[in-house]
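The next block holds one structure in the form of structure tokens; read it before the comments.
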Amino acid sequence: MPSRRSLTTATSHVVVGVLGAAWVIGLTGLVGPGLLAVALACAIAVVAWGWAGTLGLPTPRGTLAVLLTGGTAVLLSVALRQESPWLTWLPAALAVSMIAAFLHQLLRRDGRPRVAESVSSVVLGLAVLTSAVFLIPLSRTDAGSMLIVAGVGAAAVSAVTDLVGRWESLRPWTAPLALAVGGAVGTLVALVAGQPWSALLLVGVASAGVSHATRRVFEVLPTLAHARPRLVAALASVLVVGVVPYAVASTLLSRALPA
């Protein structure tokens, strides 16, 4: 079991990683879809590189190949689309990626130990990477860019609240605190940008909650004693919120999506 000091150190490093990733993705989201796609491609490469080691999977090279190929496919399926509907190629890209994940298991020559764990972990990785590409269509509009900023900004501030967990008595309050500060970030972005506060409040609360839950899942892994898994945990907790702003835009703020 990791010591309290090692857990605190790991949390601090993950927080720094989340802040850096959120800043880059938020800034590139304001610039436009091209630069955002480049930033997401770099994040996908890093997550693919460290996913197997973070989860302790038995076939790191195969996992790297599947996640890198699948992540690139889902990214290009959205980034290269130049007209609405923006996600029309995404289901096909994700389906091919999942087929590759199962094919990888069939081609293993090590007796296929822990095959269910390996498949489910790779599919989880593909889900995280796919969630991120939902941000690309939003970056094509001003309202959508504000949703991106609210989402990744809420993820960033929710990570800072994790530092409160170093005090055992306050640890149960980290989740409510993350939701509260996430909502505050969403509301602040709405006030500054002149966007509907209700939609951005929802983005902030939901993004903070999803990001916080992702980090709580990763923090129990013994591999977080090392630098690479900490970076993967940080990136995953930012990338996974990508679907939240898109879902809110689809239901509450249609003008955030390009026609």
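Residue check: Ser120 meets all listed conditions (1) within 21 Å of the chain's Cα centre (by Cα); (2) in a helix (DSSP H, G or I); (3) surrounded by 15 or more Cβ atoms within 10 Å (Cβ to Cβ) but one, namely (3).
Residue by residue, here is whether (1) part of a helix (DSSP H, G or I); (2) in contact (Cβ under 8 Å) with a residue 24 or more places away in the chain; (3) of a type in the set (Asp, Glu); (4) farther than 21 Å from Ala37 by Cα holds:
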{"residue": "Ala73", "(1), (2), (3), (4)": "yes, yes, no, no"}
{"residue": "Leu76", "(1), (2), (3), (4)": "yes, no, no, no"}
{"residue": "Thr88", "(1), (2), (3), (4)": "no, no, no, no"}
{"residue": "Ala92", "(1), (2), (3), (4)": "yes, no, no, no"}
{"residue": "Val96", "(1), (2), (3), (4)": "yes, yes, no, no"}
{"residue": "Ile99", "(1), (2), (3), (4)": "yes, no, no, yes"}
{"residue": "Phe102", "(1), (2), (3), (4)": "yes, no, no, yes"}
{"residue": "Arg108", "(1), (2), (3), (4)": "no, yes, no, yes"}
{"residue": "Pro113", "(1), (2), (3), (4)": "no, yes, no, yes"}
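Any residue in region 162-182 that is in contact (Cβ under 8 Å) with a residue 24 or more places away in the chain and touching a Pro at 6+ places or on another chain (Cβ under 8 Å)?
Step one: filter region 162-182 for residues in contact (Cβ under 8 Å) with a residue 24 or more places away in the chain, giving 162-163, 165-166, 174-175, 178-179, 181-182.
The next check asks that each one be touching a Pro at 6+ places or on another chain (Cβ under 8 Å); those that pass are none.
No, every residue in region 162-182 fails to be in contact (Cβ under 8 Å) with a residue 24 or more places away in the chain and touching a Pro at 6+ places or on another chain (Cβ under 8 Å).
Of the conditions (1) modelled with pLDDT under 95; (2) buried (at least 22 other Cβ atoms within 10 Å of the Cβ), Ser145 fails just one. Which one is it? The number of the failed condition is (1). Go through region 37-72 residue by residue and tally those that are of a type in the set (Phe, Trp, Tyr) and crowded, with 21+ Cβ neighbours inside 10 Å. The total comes to 1. Answer yes or no: is there a residue in region 150-167 that is farther than 20 Å from Ala256 by Cα, buried (at least 22 other Cβ atoms within 10 Å of the Cβ), among the polar types (S, T, N, Q) and at pLDDT 90 or above. Scanning region 150-167 turns up at least one residue that is farther than 20 Å from Ala256 by Cα, buried (at least 22 other Cβ atoms within 10 Å of the Cβ), among the polar types (S, T, N, Q) and at pLDDT 90 or above.
The values are calculated or read from the model by the stated rules, or taken from the named source; none is laboratory data. From a predicted model like this one, the values you see are computed outputs, not experimental measurements. Glycine gets a Cβ as well: all are built from the backbone with ideal geometry, and neighbour counts include every protein chain shown.
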